[in-house]
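Undergrad: Quick one: this structure, given as structure tokens, is what I'll be asking you about.
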Amino acid sequence: MNKGLLIILSGPSGVGKGTVRKKIMEDESLNLVYSISMTTRAPRNKEVDGEDYYFVTQEEFQRNLDNNNLLEHCEFVGNRYGTPKDKVEKLREEGKNVFLEIEVNGANQVLSKVNDNGVISIFLMPPSLKTLEDRIRKRKSESDDIIKERLQKGRSEMKLKSNYEYVVVNRRVEDAAREIASIIRARMK
Ligand code: 5GP
């Protein structure tokens, strides 16, 4: 059995990574498993612990970091996020294609640590900065200051797109998902 792929989907907060990811995951032929991240952020509406994220305390997060349990980690607008390490490796060994949906600093860490040819890096772009702002505001889950900070961060994150093998523009979720699915399928051969 071949080792599974490691797919890194990154891009600015609010670009729609989560929605596109959920659409791609519906295609069972891609043999994907989503790597659930750990975060100290509070759950948003409808988010489920152990499905969307593992919601943990600062202490738990720090313990995982100290014990070297995280493949990568970052601080994003006052909260910490990280990818549990053991599962990623184990699932790939089992032949599963592991899907990471992470911000740009974390993506860089993974790219510098894991450099086998099963790694695929994809940057998801908004059609414009205005679309990004509208999407972040529509969530209505955050204060104006946090929204501004996320937008500011989004602008600097966009400059890093040349670090990625593929850049996909998220005009329509279905189209972006189809494009990413075909990138993955081409590498499964
Ligand atoms: P949100 O708070 O909107 O769920 O996530 C904020 C940002 O952190 C998003 O860009 C999201 O993709 C990213 N993120 C989520 N989990 C992880 C992770 O485990 N590691 C890193 N580096 N970024 C993450």
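Undergrad: What are the principal axis extents of the Cα atoms in the chain, in Å, biggest first?
TA: Dimensions of the chain along the principal axes of its Cα atoms: 50, 39, 30 Å.
Undergrad: Just the number, please: percent antiparallel of the DSSP beta bridges in the stretch 33-124, rounded to the nearest 5. Don't skip to the end; give the middle numbers.
TA: Numbers: 8 of 14 bridges.
Bridges in the stretch 33-124 that DSSP calls antiparallel: roughly 55 percent.
Undergrad: Name the long-range amide H neighbours of residue 125: under 5 Å, sequence gap of 5 or more, or other chain; modelled H, no Pro or chain starts.
TA: When sequence neighbours closer than 5 places are left aside, the close amide H contacts are 168, 169, 170.
Undergrad: In nm, to one decimal, how far is the residue 86 label point from the residue 33 one, both placed 7 Å along Cα→Cβ?
TA: 1.3
Undergrad: Between the stretch 14-63 and the stretch 99-137, what is the separation of their alpha carbon centroids in Å?
TA: 14
Undergrad: Given the chain, what percent of its DSSP beta bridges are antiparallel, to the nearest 5?
TA: Values: 8 of 28 bridges.
Rounded to the nearest five, the antiparallel share is 30 percent.
Undergrad: Among 179-187, 17-25, how do they line up from the highest to the lowest mean number of other beta-carbon atoms within 10 Å?
TA: On the way: 179-187: 15.6, 17-25: 17.6.
Those peptides, ordered most packed to least, come out 17-25, 179-187.
Quick note: the coordinates plus some simple rules give every number you see, no bench work behind them. Since this is a predicted model, take the numbers as computed values, not measurements. Backbone-built Cβ (ideal geometry, glycine too); neighbour counts: all protein chains shown.
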